[in-house]
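Just below is one structure, and these are the notes that go with it.
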Amino acid sequence: MPMVIGDMRRCIYCLVEKDESSFHGREHVIPQAFGLFDGNNLVLKCVCDDCNKFFGDGIDLKLARDSVEAIERINVGLKSAADFKSLGPKSTSHVEIKEGPLAGALGFNAANPEGVELRILPFPQVSFAKAADGPFHWFRTHQLPTKDDLVALGFERGCTLHIGGQDIGDEEVCELLTAKGFDLSTFTHVGESPSPNGRVYAETVAKVSHPEFRAVTKISLNYLAAVVGSKVALMPAFDAAREYARYGEQRAKVNVRPFENPWFIGRKGHYISITRSDDLIVAQLSLLLRIQFFVALATGDDTVPLISTAHFFDLTTNKLIEIEPLPIRRGRPLRPFPSAGSATSEK
């Protein structure tokens, strides 16, 4: 239950005391984009509307639309490929095409009204090749090399140039190349790159960094408030966690480590726990069981009342199940999760 001071409440993130009417929204421990569960969704009333909106429009949106977990939402059926939305230019992920005439080109995941998998749309880009049939060396239009840089890569006079991608034309690219010092008359061919249809093998590369770390820190502090109480979540021991989630790494930092998830093979859902490990209060979180995050919510404070707790959000049954906390592995650490996830998509 939220801490009540008269008819006022204190938000566990901004720490501002506000009238109860400022806590109108419902803050879910697990963002609604990752499913609703029968009976008990672990919903909080100790996050004010301003903070709730800030998270919903910011780090929660990033997690749901532009992350490894965002692609997993499509793969497990939480979101249809037709309804997928990207963050557009703000996206920190991209797709690398691995085969066919566009091998090496970069693109982005896009909605696919006609299938269950996402489409790939190429970014505006230019390729250079020593022969008309490739192999091609691709550059985003904002990363075009100079003429001298291209020569240093082994592309001499007479190489082939192709233009590919969305929302860009030959004339615009030619102007960009001319500004870089190119004499387009030296190229044997200038034209649009081939545009394959059907299935292609590609890898979605997603950067796992501060936006994701802040999102999982917020989820972890939400969980602490839900299972132990907001009075505990308001303790100074969690100031760094609340400031990192709400205001970013400029105000505070929290030790968050991502790993490959070794648990629940073959299951669909989310896992979260809170437990004490030596002098740390640690949350373990895995959305859609792809990446396992370790979040150090507090350190060096043994006055925090805590009972180790864990839940599994089962997407097969839509049930929330209380389970035994998973052990924190000792000795040799788990292999860190690389900053890339793979998915086969449709073009």
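Taken together, the values in this text are just the output of simple stated rules run on the coordinates, not laboratory data. Everything numeric here is computed off the predicted structure, so don't read it as measured data. Cβ placement follows ideal geometry from the backbone for every residue including glycine, while neighbour counts extend to all protein chains displayed.
The computed mean projected area of the Cα convex hull in nm² for the structure shown corresponds, within [x] 16.8; [y] 21.1; [z] 18.9, to [y]. Using a Gaussian network for the chain with springs between C-alpha atoms less than 10 Å apart, which of these wobbles most: Pro258, Pro113, Pro211? Maximum among the listed residues: Pro113. Over the chain, Cα pairs under 8 Å with separation of 6+ residues give a relative contact order of 18 percent. The distance linking the range 276-300 with the range 36-71 is 18 Å (Cα centroid to Cα centroid, whole angstrom). Contact order, relative form, for the range 100-147: 34 percent (alpha carbon pairs under 8 Å, 6 or more residues apart, mean separation divided by residue count). Measuring between alpha carbons in the structure, the pairs from Lys45/Lys218; Lys18/Lys231; Lys231/Lys319; Lys62/Lys90; Lys53/Lys253 lying more than 20 angstrom apart are Lys231/Lys319; Lys53/Lys253. Applying both filters, DSSP loop and at most 15 other Cβ atoms within 10 Å, to the GluC sites (Glu not before Pro) of the range 7-114 gives Glu99, Glu114.
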